[in-house]
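Written out below as structure tokens is the structure these notes cover.
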Amino acid sequence: MTWREVEAALEETRTMLLPVGSTEQHGLHMPLGVDVYMPEAVAERVARRTGCLLAPPIWYGVSPHHTFKPGTFTVRSETFQHYVRDVCVSAGDWGVENVLLVNGHYLVQDPELDVVVRELTTEHDMRAFHVPLVSGFEDAATAVRTSEVSFHASEFETSMMLELFPDLVDMDRAESVDPPDDALPMTDYDAYGDNRVGWALSADRMDDLTDTGNLGDATVATREKGEAMVEDVVNDVTQLVDALAGLDDGDSVDS
């Protein structure tokens, strides 16, 4: 888009989607950019449905625990927060009022994005939302899953990629990697597990957990599962964007 096209678009929408992810290892069967490819593709579908703006993605995130494999980039938590915030504030300067941070590097950098959302809301008078994909496709994922564990680059992410970018997935190289049985109480090696406390993994710990880079069973991923998950999260985000459009028009969310 040119600046004049953006200016014209702002006459129709004040909402912007910002895909946020990371560039990190995703096993033997998927490329480094999975956490950006997924949220950008989801956001593209939402933008087509709603007419909202779609910003270029943020490619680098907080990934220190994946640096045990080459190709992973990581930035400090503070650097990441400041960068994402500044991108959104600059959009606010030229008319964006609502921003959705569509996060493909979910679970790990959720805390940072929650802080950014709070700052944008309280200090910059924007409506800001953190949208982790794992929350948006939870209903579909729990309905279609067949593995007991899907933590990283396994059933969920691989299925999503098979739907969105099948040419980038090599299922002949997909592996099943079982996590250890030594999870502490209130922690779990699963995206929807018993995670009731904040916790993190180091690169050394990840190296101990997996030789391939993924954790969980990637072999059971299918395009059909991914299709259901993509449709689920696109529908959820579309509902939020439509509700924000109603607020911009002076309506209530319930209308």
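Restricting attention to strands (runs of 3 or more DSSP E) lying wholly within the range 66-156, give those where 3 or more residues are out of contact with any Gly (no Cβ under 7 Å at 6 or more places or on another chain).
In the range 66-156, 98-103, 127-132 are the strands (runs of 3 or more DSSP E) which contain 3 or more residues that are out of contact with any Gly (no Cβ under 7 Å at 6 or more places or on another chain).
Exactly one condition in (1) assigned to a helix (DSSP H, G or I); (2) open to solvent by less than 50 Å² (accessible area, probe 1.4 Å) is false for residue 22; which is it?
Exception for residue 22: condition (1).
Do the conditions hold for residue 230, that is, is it surrounded by 17 or more Cβ atoms within 10 Å (Cβ to Cβ) and farther than 21 Å from residue 153 by Cα?
The answer is no for residue 230.
Residues of the range 48-65 being assigned to a helix (DSSP H, G or I) and open to solvent by 20 Å² or more (accessible area, probe 1.4 Å), which ones?
48, 49, 50, 64
Looking only at the range 157-179, which residues are surrounded by fewer than 22 Cβ atoms within 10 Å (Cβ to Cβ), in contact with a helix residue (DSSP H, G or I) (Cβ under 7 Å, 6 or more places away or on another chain) and assigned to a loop (DSSP other than H, G, I, E, B)?
Within the range 157-179, 165, 179 meet the criteria.
May I ask you to verify whether residue 224 is open to solvent by 20 Å² or more (accessible area, probe 1.4 Å) and touching a residue at least 12 places away in the same chain (Cβ under 8 Å)?
yes
Keeping to the range 190-220, report how many residues are in contact with a strand residue (DSSP E or B) (Cβ under 9 Å, 6 or more places away or on another chain), at negative phi and not in a strand (DSSP E or B).
Adding up the residues that qualify gives 13.
Can you find a residue that is surrounded by fewer than 19 Cβ atoms within 10 Å (Cβ to Cβ), under 22 Å from residue 121 (Cβ atoms) and aliphatic (A, V, I, L, M) anywhere in the range 73-86?
Looking for residues that are surrounded by fewer than 19 Cβ atoms within 10 Å (Cβ to Cβ), under 22 Å from residue 121 (Cβ atoms) and aliphatic (A, V, I, L, M), one finds none in the range 73-86, hence no.
Looking only at the range 10-17, decide whether some residue is of a type in the set (Lys, Arg), more than 22 Å from residue 158 (Cα to Cα) and either in contact with an Asp or Glu (Cβ under 6 Å, 6 or more places away or on another chain) or modelled with pLDDT under 95 (or both).
Yes, because at least one residue in the range 10-17 is of a type in the set (Lys, Arg), more than 22 Å from residue 158 (Cα to Cα) and either in contact with an Asp or Glu (Cβ under 6 Å, 6 or more places away or on another chain) or modelled with pLDDT under 95 (or both).
Return the only residue of 100, 107, 113 being touching a residue at least 60 places away in the same chain (Cβ under 8 Å), in contact with a helix residue (DSSP H, G or I) (Cβ under 8 Å, 6 or more places away or on another chain) and surrounded by fewer than 23 Cβ atoms within 10 Å (Cβ to Cβ).
107
For the range 1-19, how many residues are of a type in the set (Ser, Thr, Tyr) and either open to solvent by 70 Å² or more (accessible area, probe 1.4 Å) or in contact with a Lys or Arg (Cβ under 8 Å, 6 or more places away or on another chain) (or both)?
Qualifying residue count, the range 1-19: 1.
Being surrounded by 17 or more Cβ atoms within 10 Å (Cβ to Cβ) and of a type in the set (Ser, Thr, Tyr) is the filter here, so list the residues in the range 180-191 that pass it.
Of everything in the range 180-191, just one residue is surrounded by 17 or more Cβ atoms within 10 Å (Cβ to Cβ) and of a type in the set (Ser, Thr, Tyr), namely 189.
In this structure, does residue 108 turn out to be at pLDDT below 95 and either within 25 Å of residue 209 (Cβ to Cβ) or not hydroxyl-bearing (Ser, Thr, Tyr) (or both)?
So residue 108 fits the description; yes.
The values are calculated or read from the model by the stated rules, or taken from the named source; none is laboratory data. Fair warning: this is a prediction, and the values are worked out from it, not measured in the lab. Virtual Cβ from ideal backbone geometry, glycine too; neighbours counted across all protein chains shown. Ligands, DNA and RNA are excluded from the accessible area calculation, which covers all protein heavy atoms including side chains. Shrake-Rupley method; radii C 1.70, N 1.55, O 1.52, S 1.80 Å.
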